[in-house]
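The values are calculated or read from the model by the stated rules, or taken from the named source; none is laboratory data. Everything numeric in this text was worked out from a predicted model, so none of it was measured. Glycine gets a Cβ as well: all are built from the backbone with ideal geometry, and neighbour counts include every protein chain shown. Quick note on the areas: whole protein, heavy atoms, side chains included, nothing else; ligands and nucleic acids left out. Shrake-Rupley method; radii C 1.70, N 1.55, O 1.52, S 1.80 Å.
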Amino acid sequence: MYGILTADADLAREGLGDRTYYFAERVSGTRRDPVPGVVNSVACWGDTEAVRESPDRAAVAGDGTPAAPDVEGHHWGTVCPTDPDYRAALLDRIADVGAVGDVRLTTPGFPGEDFCRCDRCERLFGESDFDERVEWRSTVITEFVADAADRADGDVIATLYPDPYPGHLQERAGLDPAALAEHVDGFLVPLCGTGYETTYWVESLARGFASAVGDLDASLSFQLSTSGTEAERLAGLARQIREFGDGVVFGIHRTDADLIRDVFAELNGPESSVVA
Ligand SMILES: [Zn+2]
């Protein structure tokens, strides 16, 4: 499967490739109508606008540092995943988006290893049956994803941070792929770079994910960026990693429409089918 991912609604309607992903709700807090029949992404807790409006909603680290866009290591604001009102509203939005197409959950999870230590999270962890905070965090996220999958009519795809080393996703974000695979239909892993002058890291990470989650009952796709990279190199990179998953999705802008047509032509051409 070769697909596209775009923030351009018109481009999303063009049906380029086998599957289309559209950015409906972004970490900036921007929300747009979902495009019917495609995979519409919804940012979970990544919401700069919400954190700007209500700074006390941000997830906080053990030293009190909030997950805000002006804090080093955070490119956007992140609401605490146990905020009950935000969680309820997010699930309602996922239900709305999931009524017209498939749903991709972006930024699911806690915004870092040391998050969240807000008073509510401290209380909830203390009241829980868990001795290990990392286990409690994973349960918080898995239960949310399960609820999200119940609300969505179509497929639900979860984004995984590109770190396949065993245990790292759980330590970083509270993402337990084996537990999540019982609820989602697939995983999408961003492996984005500008120009891809080197590609060994893309191949290594894709191979690592194949080992880490390839046996689970969920599809595995990889997301590549296209900006600054010629079609031949992109097609070569896709050929290099396709054996490790079920699909490759290319992030594109309106100006990349011809480029991606060339990439697909190269990937689906007669020469390619002989190789495949
Ligand atoms: Zn919290």
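Side notes on the structure shown:
- Pairing each residue of the range 113-141 that is open to solvent by 60 Å² or more (accessible area, probe 1.4 Å) with any residue that is assigned to a helix (DSSP H, G or I), provided the two are 6+ apart or on different chains, yields C-beta distances under 7 Å for Glu113/Glu171; Glu113/Arg172; Phe130/Trp136.
The rows are residues; the columns are (1) small (Gly, Ala, Ser); (2) in contact with a helix residue (DSSP H, G or I) (Cβ under 9 Å, 6 or more places away or on another chain); (3) within 19 Å of Thr82 (Cβ to Cβ).
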{"residue": "Gly29", "(1), (2), (3)": "yes, yes, no"}
{"residue": "Pro36", "(1), (2), (3)": "no, no, no"}
{"residue": "Val42", "(1), (2), (3)": "no, yes, yes"}
{"residue": "Gly46", "(1), (2), (3)": "yes, no, yes"}
{"residue": "Ala50", "(1), (2), (3)": "yes, yes, yes"}
{"residue": "Glu53", "(1), (2), (3)": "no, no, yes"}
{"residue": "Arg57", "(1), (2), (3)": "no, yes, yes"}
{"residue": "Val60", "(1), (2), (3)": "no, yes, yes"}
{"residue": "Thr65", "(1), (2), (3)": "no, no, yes"}
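- Some residue of the range 16-26 being free of Cβ contacts under 8 Å to residues at least 60 places away in the same chain and over 21 Å from the mean Cα position of the chain (by Cα): no
- Restricting the range 121-144 to residues that are charged (D, E, K, R) and within 12 Å of the ligand (Cβ to nearest atom), the residue that is farthest from the chain's Cα centre (by Cα) is Arg123.
- Any hit, the range 207-222, residues being at positive phi, at pLDDT 95 or above and surrounded by fewer than 21 Cβ atoms within 10 Å (Cβ to Cβ): no
- The listed residues are Thr198, Thr229, Thr194, and the only one of them that is surrounded by 14 or more Cβ atoms within 10 Å (Cβ to Cβ), of a type in the set (S, T, N, Q) and over 14 Å from the mean Cα position of the chain (by Cα) turns out to be Thr229.
- In the range 72-104, of all residues being touching a strand residue (DSSP E or B) at 6+ places or on another chain (Cβ under 9 Å) and of a type in the set (Gly, Ala, Ser), the one that is nearest to the ligand (Cβ to nearest atom) corresponds to Gly77.
- Check on Asp56, more than 11 Å from the ligand (Cβ to nearest atom) and open to solvent by 20 Å² or more (accessible area, probe 1.4 Å): no
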